[in-house]
Amino acid sequence: MTSIKLAKFAPVRPPGSGNGLMTEQVVDQVRLMIQTGKLRPGDQIPPERELAKQLGVSRASLRAGLRFLAAIGVLNSRHGSGTYIADGPPSLDGAPLKMLAALHGFTTEKMFEARRLVEVAVAGLAAENATDEHLRIIAEEVTETYAALDNPQEYLIHDFGFHRAVAAASGNPILASIMEMISDVLYQRRCKTVGRSLDLRESVEMHRKIYRAIRARDADGARAAMGEHLMLAEQGLAAEELVNRGSGDANGQSVI
């Protein structure tokens with residue numbers, strides 16, 4: 001584990017850019033540094049205040065970028081320690097899928113259909129293959145989602161963190177990476193609506209049910225619980241988007 005020097009990070013502020021574009025630039029720079037080997041699994045990211053200054057962005061823009069990277073599994077935050085490059089399953093670049101979604105108008109229903117096909121199988125494999133360390137990480141994410149029930153954006157990070165942990169426990173990095181790519185697209189959609197969620201606790205209870213089935217080595221139970229959870233999650237997202245449309249925030253039915 002190493003601590004990355006600030007000098008490795010270049011300013012990202014384009015002329016006349018807004019917060020959204022700066023956030024994307026933060027994400028792009030971290031991803032590029034990973035691809036070129038400048039950042040490696042286990043490396044520690046510099047403190048937020050110093051890094052924001054080095055990049056020439058506001059702390060709000062930096063925080064949004066780091067939150068996104070944490071949600072898709074690139075970063076891990078450790079209480080009292082800092083933020084690190086994750087050393088879990090590889091994360092495929094979701095940009096091609098996002099482009100196809102925008103071009104062809106992939107619906108949320110189709111994205112969830114793909115997600116169910118992958119994640120239900122992944123949950124069964126996790127029940128068969130999870131190590132004690134995998135179980136510890138899954139349990140930790142369940143605990144963190146309970147702790148974040150009053151903070152929807154923080155909850156969302158641990159929600160996706162739970163699903164990543166289950167995928168890692170499957171023992172199949174290919175399926176885990178495919179799940180990451182699909183989740184990347186859905187996360188961007190969900191982060192716009194989660195603040196209007198009607199019942200986050202129900203989702204956390206389902207996480208606990210899935211975890212218990214995996215811990216009991218009950219593959220059929222894990223698959224059934226994951227299928228039920230994703231069905232409820234899809235219904236919940238539809239309800240959130242309905243509220244968004246009523247408030248004038250929605251922008252259509254496609255995922256992007």
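The gain in end-to-end length when the Asp87 to Leu117 segment is fully stretched comes to 8.3 nm, 0.36 nm per residue minus the alpha carbon separation. Take the Cα of Glu109, step 7 Å toward its Cβ, do the same at Asp199, and the gap between the two points is 2.2 nm.
What nm value, rounded to one decimal, do you get for the distance between Thr143 and Ser58 when each label is placed 7 Å out toward the C-beta? Placing both labels 7 Å beyond Cα along the Cβ direction yields 3.5 nm. A simple rule links phi to the HN-Hα coupling: the Karplus curve 6.51 cos²θ - 1.76 cosθ + 1.60 with θ = phi - 60°, which for the range 214-228 gives 5, 4, 7, 6, 9, 5, 5, x, 5, 5, 5, 5, 5, x, 5 Hz, with x for Gly and Pro. Relative contact order of the range 109-210: what whole-number percent is it, with Cα pairs under 8 angstrom and at least 6 residues apart? Computed over the range 109-210, the figure is 37 percent. Calculated FRET efficiency, Arg212 to Ser177, Cβ-Cβ distance, R0 = 30 Å: about 0.70 to the nearest 0.05.
Of the peptides 40-46, 122-128, the ranking by mean beta-carbon count within 10 Å, highest at the top, reads 122-128, 40-46.
The Asp150 and Thr36 beta-carbon pair, evaluated with R₀ = 30 Å, returns a calculated FRET efficiency of approximately 0.15. Sorted on the mean count of surrounding Cβ atoms within 10 Å across their residues, most packed first, peptides 185-191, 53-59 read 185-191, 53-59. Solvent-accessible surface of the range 117-247, taken per residue with a 1.4 Å probe and all protein chains present: 43 Å².
The values are calculated or read from the model by the stated rules, or taken from the named source; none is laboratory data. Everything numeric in this text was worked out from a predicted model, so none of it was measured. All Cβ positions, even for glycine, are placed from backbone atoms using ideal geometry, and neighbour counts span all protein chains on display. The protein model used for the area step is the full one, side chains on, heavy atoms only, and it has no ligands, DNA or RNA in it. Shrake-Rupley method; radii C 1.70, N 1.55, O 1.52, S 1.80 Å.
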